[in-house]
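I have placed the structure first, in the form of structure tokens, so that the comments after it can refer back to it.
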Amino acid sequence: YPFRLFGAFCTIVLFIQTSFSQFALFGDIYIAPQNEVHLLSGDLYFESGKIITDRGAQSGTFSFSGDSGWDRADHDTHVDGFIRFYNASEFVFPVGHDNVLQPIRLDEYSGSDHFDIAYQHRGHDLTATVDGINQVSDTHFWELRNPTGQAKLVLSWNVFSNIDKLLGVAPRPDLVLDLITIGGFDGTHWVPIPSELSEKSLTGGNQNSLIDGTIQSTEVVDLSKYQAFTLMMHNIPLIDSENISQAITPNGDGKNDTWIIDKIEQYPNAKLSVLNRWGEEVFNAQNGYNNDWGGHYKKNSETLPTGPYLFLIDFDDDGKIDNQGWLYISD
């Protein structure tokens, strides 16, 4: 159904209500500024083509009612521009930009009015953020227009989102997906919104990875406070004494059988050394540590005598000892 809507001097609202509860898109639809195409009932099936809305100050929009939905959107066919929805407590927006589909979902929505969401596959013009945030995505964001109400957010990423770049300051980006958080732009700064990785895939993936994933807010968000949403990265947590096990009991009971340093996998160049009370090195690890040392002497299978041992850790292989302390080995 390829057609174009123009309205330079008036606003046109076109209602689509299908007899068979189905509206199939087989070609591009362009919605001009200030115009709205509204799906009153039934479902929109994306076969081919895009619904393209003008993105200017008076942009057009494609809207869904609470009795309508959609299916089959992908990178080649989606709504390229603003989407509006009415009278629904939850909705997945099939938004994209050019040849990138990037849905966003609202759950538990409550509000007295409607608002619009569009996806922008580019960096936001402003990147200022707050303490505790290392980076803000410069690849994409979801733009809100006249937001109202409250809802839980579910955001997604895919291969075009460059999550590896967002997590690029981490030595092992694939192991720190939990550093990703939802960010909301309040007009001045990008601020973190409490979030957690989710199994509610919006893109068909079955697990979170660098190329596909989903994250959701842990609380209901006041949407009126924000102009846009994107993904951000928390600071890499420092490894302190609380992350380093102070004892090994290598007796095979499955508890404290090896020396555990939480988050050490983020430091693949780390160097570790363990010394006995006479200063003799009894264990060392170069180029990272796998939390697998069971208290034996160097590479032998012989377990070291019960007692205290001094450990020295250089996390970045820069010649500086970043942490040291005592480790106790016992049966």
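Which of A151, A88, A24 moves the most in a Gaussian network model of the chain with Cα springs under 10 Å? Checking each option, the largest mean-square fluctuation is seen for A24. Kindly provide the chymotrypsin sites (Phe, Trp or Tyr not before Pro) of region 253-331 that DSSP labels as loop, not H, G, I, E or B, and whose Cβ sees at most 10 other Cβ atoms within 10 Å. Sparse-neighbourhood loop chymotrypsin sites (Phe, Trp or Tyr not before Pro): W278.
Per residue, the chain exposes 48 Å² of solvent-accessible protein surface, assessed with a 1.4 angstrom probe and all protein chains in place.
Using a cut-off of 17 Å between alpha-carbon atoms, which aspartates and glutamates can reach K165, once sequence neighbours fewer than 8 places away in the same chain are excluded? Here the aspartates and glutamates satisfying the reach criterion relative to K165 are D138, D174, D178, D212. Could you check how much of the accessible area of region 73-198 is carbon and sulfur, as a whole percent, using a 1.4 Å probe? Carbon and sulfur atoms account for 44 percent of the accessible area of region 73-198. Put a dot 7 Å past the Cα of S301, heading toward its Cβ, do the same for E108, and the two dots end up 5.4 nm apart. Of all the options E242, E196, E219, the one that moves most in a Gaussian network model of the chain with Cα springs shorter than 10 angstrom is E242. Among T306, T61, T181, which one shows the biggest mean-square fluctuation in a GNM of the chain, springs joining Cα atoms closer than 10 Å? So, out of T306, T61, T181, the one fluctuating most is T306.
With θ taken as phi - 60° and the Karplus curve 6.51 cos²θ - 1.76 cosθ + 1.60 applied, the whole-hertz 3J(HN,Hα) list for region 227-239 is 9, 6, 10, 8, 9, 9, 10, 5, 4, 5, x, 6, 8 Hz, x standing for glycine and proline.
Computing FRET efficiency as 1/(1 + (r/R0)^6) for L238 and N87, where r is the C-beta to C-beta distance and R0 is 45 Å, gives about 0.40.
The values are calculated or read from the model by the stated rules, or taken from the named source; none is laboratory data. The structure displayed is predicted, hence computed values, not measured ones. Quick reminder, even Gly has a Cβ in these numbers, built from the backbone with ideal geometry, and neighbours come from all protein chains shown. Ligands, DNA and RNA are excluded from the accessible area calculation, which covers all protein heavy atoms including side chains. Shrake-Rupley method; radii C 1.70, N 1.55, O 1.52, S 1.80 Å.
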